[in-house]
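To keep things clear, I will list the structure first and then write my remarks on it.
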Amino acid sequence: MRKTERLQRYMIFMVGLFIASFGVAMITKADLGTSPISSIPYVLSLHYPMTLGQFTILFSIFLILLQLIILKKIFKWEHVLQIPVSILFGYFIDWSMLLLWFVHPAAYIAKVIYLLLGCVVLGIGVYLEVLADVVMLPGESFVNAVVFTWKTEFGVTKVAFDVSMTVVAAALSFLLMGRLAGVREGTVVAAVLVGFIVRFCRKQLSFLPAKLFASAKADGAETKMS
């Protein structure tokens, strides 16, 4: 891969990362529960004097350590790239929350609108991260580590991971605050809708990799010749 293409991929990834963080902030501001991967950091941020972004960084590092334990000798130093990416993602989330300081929907329909908009924005951000194909966030990388080690099916493992995060977040909210907080119907909606939006983008924009990246164009040409 040429340096110019690698730089281009990282730029697209950075844009996707910020868009995804903005989507997380919108979903959180909707006050109907946040996305499954953000549910534990969000619940902790409601009880302790640290921000959602800061807890996201700590939780991401925890997931990276779990990958190290699961993969052992197979763990590659490329996985360490997840650390700076996680730090940046955490700061992006806090910046996005500040940018949306004015968003406090009171009516339920307004909350639903912000939730759906946030899911669309998050889905687009995740799609750009996948399109860039340079590094994964710890959540997806952890699922990949489980799939690789125990030969499970990715879709089933991802659903199990999301459900586990939601259940743990709900348990933490009862333990810390004595009530259900940070996990609501919006968490389920985000879990289902974001994945659908990512798949929709990949299908409708399947021509984009060949347009953007020389290596993808070359792979396409080789496939046609064979």
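The values are calculated or read from the model by the stated rules, or taken from the named source; none is laboratory data. Owing to the predicted nature of the structure, the values given are computational and were not obtained by experimental measurement. So basically every Cβ, Gly included, is an ideal-geometry build from the backbone, and we count neighbours across all protein chains shown.
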Test Glu153 against the stated conditions and say whether it is among the charged types (D, E, K, R), out of contact with any Phe, Trp or Tyr (no Cβ under 8 Å at 6 or more places or on another chain) and within 23 Å of Phe75 (Cα to Cα). yes
Residues of region 142-155 being surrounded by fewer than 21 Cβ atoms within 10 Å (Cβ to Cβ) and either among the hydroxyl-bearing types (Ser, Thr, Tyr) or modelled with pLDDT of 90 or more (or both), which ones? Asn144, Val146, Val147, Phe148, Thr149, Trp150, Lys151, Thr152, Glu153
Of the residues in region 26-65, how many are of a type in the set (A, V, I, L, M, F, W, C) and either part of a loop (DSSP other than H, G, I, E, B) or within 12 Å of the chain's Cα centre (by Cα) (or both)? 4
Every pair of residues 6+ apart whose Cβ atoms lie under 8 Å, when the first sits in region 110-138 and is farther than 18 Å from Ala25 by Cα and in contact (Cβ under 8 Å) with a residue 12 or more places away in the chain while the second is of a type in the set (Val, Ile, Thr) and in a helix (DSSP H, G or I): Val130/Val198; Leu131/Ile12; Ala132/Ile12; Val135/Val85; Pro138/Ile61; Pro138/Ile64
For the list (1) modelled with pLDDT of 95 or more; (2) of a type outside the set (Phe, Trp, Tyr); (3) farther than 25 Å from Leu175 by Cα, I need the number of the one condition that Ala30 fails. (3)
State all residues of region 169-191 that are without any contact (Cβ under 8 Å) to a residue 40 or more places away in the chain, at negative phi, not in a helix (DSSP H, G or I) and not aliphatic (A, V, I, L, M); if no residue qualifies, say none. Arg179
Exactly one of (1) without any contact (Cβ under 8 Å) to a residue 60 or more places away in the chain; (2) surrounded by 24 or more Cβ atoms within 10 Å (Cβ to Cβ) is unmet by Gly23. Its number? (1)
Could you go through region 100-114 and let me know if any residue there is under 16 Å from the mean Cα position of the chain (by Cα), modelled with pLDDT of 95 or more and of a type in the set (A, V, I, L, M, F, W, C). no
For region 66-80, state whether one or more residues are closer than 26 Å to Cys201 by Cβ and in a loop (DSSP other than H, G, I, E, B). no
Going residue by residue through region 37-58, is there one that turns out to be modelled with pLDDT under 95, aliphatic (A, V, I, L, M) and within 21 Å of Ala181 (Cα to Cα)? yes
When residues of region 81-101 are limited to those that are of a type in the set (A, V, I, L, M, F, W, C) and without any contact (Cβ under 8 Å) to a residue 12 or more places away in the chain, the one farthest from Thr56 (Cα to Cα): Trp101
Only unsatisfied item for Val135, checking (1) under 18 Å from Ser38 (Cα atoms); (2) part of a loop (DSSP other than H, G, I, E, B), is (1)
